[in-house]
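J.: Below you'll find the structure I mean.
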Amino acid sequence: MIWWVLIPLLWFLTFRYRRRRMYQLAARVPSVRELPLIGAAYKFMGNTEDIMSSLKELSYFAIENGGLMKAWLGPILYFISVDPVDLEMVMRTCLEKDDLHRFTRPVIGYGTIFAPVSIWRQRRKILQPAFKPKIVESFVPVFARQSMKLARKLGEAGGREVKLRPYIGSYTLDTTCETTLGVKINAQDDAVSPFLVELGRVTQVVTERIFRLWLQPAWLFRCSPQYRQQRTSCEVLHGFTDHVIMKKREELKTQQKNPKADRTIDLSDYDSKSFLELLIHFSGTEGGYSNEELREEILTLIIGSTDSTASTIGYALDLLAKYPHIQDKVHAELDEVFGDSDRLLQKEDLMQLKYLDCVIKETLRLFPPAPFLIRKVEEEVTLPSGYVLPAGSGIAASVWGTQRNPKYWGPDADAFNPDRFLPERVALKHPCAFMAFSIGPRNCIGHQYAMMSIKSALSSVLRFHLVKGTVEAGNKPHIRVKIDVMMKAVNGHELTLERRRLRRAQQDL
């Protein structure tokens, strides 16, 4: 009988001994109260709002304790950093995404965002030319048309309080599918878009796997209802994307495109083409991406763009409802640019909407769609702060905490103040203090695309509507948020829109 005790004890002591360096370095870093065996895992019990509350709490703890804290989740060690100086080094040297991202693999495979470095490097080179400014700007007519449609749909709500998230999600899905796949799915005309519904369901499953330790082992997950939901959702998402890819392949064969187009790229030849067509050409046409690789990249673009862009639009409208005096400034700028015209937005208009740009950036600062970016520490890293991250640990860049760190944003870091981004005032104490689109080699390749889509939607909605909600008494906005892969508002942005002018948004869309 004694062997039943000795063998586990010897294994445990050997395990601890081999990781002694990790324990030694971790002991130097502040941590919240931890429990035996599970460490800080108890912080992530409850629903997705509770989990996000815990993540915010840990971020503020890091702010108060020099910018770095640690949390053991069972035997796994994580650090949370809110110091942009340290994070600049982390995001440039620790390029491998954390193992938690493996739970996205059944959905998007090895799409660039979460792909291992060996795959990411190759695919990033192919994606890069597709996001050149000239190509992204060619999508402005799509944003303009679909955003005007969004304004009209919201106008039909008739001045009553509604959840804006479904409307905005349908807009971002329409624009993303048209620019990414080259197809119009008319999600804004479909009250229950199957793609959008299954996208919401599968992201919830991924979130649950990340934070529910019992769902992480593959064999246990396969016995759960979440696994069945994931399979159903993936069948819808993959089936739709695969169908469009095959049709596009057939179309290109019919048109007999030049198979050597990837060798000499003249960007003027690619205006108004979808990202799908661009990726086929830039990867080498017949010898390039397989259909599966195309699906991985396209789904990554669709899912990333649809959720993150919709969240930012929703938060911006929520904040403008809370602070009418700031909304008045946005309306004044829109009236100056558009006057009484009902015309569609044009590329030149986006450049003139400078105060709206400040509002969007301040929204992204306070409510970043991706509040945490997690990297794997494969080799020991000495940070500028003096702390040493041990090999085998993980580090979470708290975008939420970094962008609310008073050391870099002042005592009003939690306040909503778009003026801080005015050209004559913006002067970041450190360039990585604002990292809503990540930083370093693996930053968001589509940040210009996202900003254009967000600005188009907000300008079209606010030209014709006054957004009303609960006015905030102080300058620190309170919006209940949850973590659902992206950070989302719990109430789906329940607001009221009143028509500003006695006219409707364009009918001939």
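J.: What list of ³J(HN,Hα) values in whole Hz, one per residue of the range 311-327 in order, does the Karplus curve 6.51 cos²θ - 1.76 cosθ + 1.60 (θ = phi - 60°) give from phi, with Gly and Pro shown as x?
T.: After applying 6.51 cos²θ - 1.76 cosθ + 1.60, I find 4, 5, 4, x, 4, 4, 5, 4, 5, 5, 5, 6, 10, x, 5, 6, 4 Hz.
J.: Rounded to the nearest 20 Debye, what is the dipole magnitude of the chain about its Cα centre when Lys and Arg each give +1 and Asp and Glu each give -1 at the C-beta?
T.: Dipole magnitude for the chain comes out near 940 debye.
J.: Out of the DSSP beta bridges found with both residues in the chain, what percent are antiparallel (nearest 5)?
T.: Within the chain, antiparallel bridges account for around 85 percent of the total.
J.: Across every pair of different alpha-carbon atoms, what Kirkwood hydrodynamic radius in Å does the range 1-97 reach?
T.: Result for the range 1-97 stands at 15.5 Å.
J.: Another question, then. Over all alpha-carbon pairs in the range 21-499, figure out the percentage whose distance exceeds 41 Å. Show your work: numbers first, answer last.
T.: Details: 20044 of 114481 pairs.
Summing the P(r) of the range 21-499 above 41 Å gives 18 percent of all pairs.
J.: What is the order of W120, W219, fewest Cβ neighbours within 10 Å to most?
T.: Least crowded to most crowded, the residues run W219, W120.
J.: How do 393-406, 442-455 rank on mean C-beta neighbours within 10 Å, highest first?
T.: Output ranking for 393-406, 442-455: 393-406, 442-455.
J.: In terms of Cα to Cα distance under 12 Å, which aspartates and glutamates are near enough to K429, apart from those fewer than 8 places away along the same chain?
T.: D83
J.: Here's something else I'd like to know. What is the extension gain from Q229 to K253, computed as 0.36 nm multiplied by their sequence separation minus the C-alpha to C-alpha distance, in nm to one decimal?
T.: Net length gain for the segment: 5.0 nm.
J.: Let me ask another. What are the lysines whose alpha-carbon lies under 17 Å from the alpha-carbon of K70, with same-chain residues fewer than 8 places away excluded?
T.: Output for K70: K43, K56, K376.
J.: Sticking with the crude label model, points 7 Å out along Cα→Cβ, report the distance from E49 to L213 in nm, one decimal please.
T.: 2.6 nm
J.: To the nearest 0.05, what FRET efficiency results for T93 and K132 with a Förster distance of 35 Å applied to their C-beta separation?
T.: The computed FRET efficiency comes out at 0.80.
J.: Loop only per DSSP, at most 14 neighbouring Cβ atoms within 10 Å: give me the trypsin sites (Lys or Arg not before Pro) in the range 25-89, ordered by residue number.
T.: Within the range 25-89, the qualifying trypsin sites (Lys or Arg not before Pro) (loop, at most 14 other Cβ atoms within 10 Å) are R28, R33.
J.: Around K488, with a cut-off of 11 angstrom between Cβ atoms, what is the net charge of the other residues, counting Lys and Arg +1 and Asp and Glu -1?
T.: On the way: positive: R165, R480, K482; negative: E49, D307, D484.
Computed value for this residue: 0.
J.: Ok, one more. Counting helices only, and only those DSSP H runs with n ≥ 4, report the 222 nm mean residue ellipticity of the chain as the sum of -39,500 (n - 2.57) divided by its residues, in deg cm²/dmol to the nearest 500.
T.: -16000 deg cm²/dmol
Bear in mind that the values in this text are calculations on the coordinates, not laboratory data. Bear in mind that the values here come from a model prediction, so they are computed numbers and not experimental data. Neighbour counts run over all protein chains shown; Cβ positions are idealised from the backbone, glycine included.
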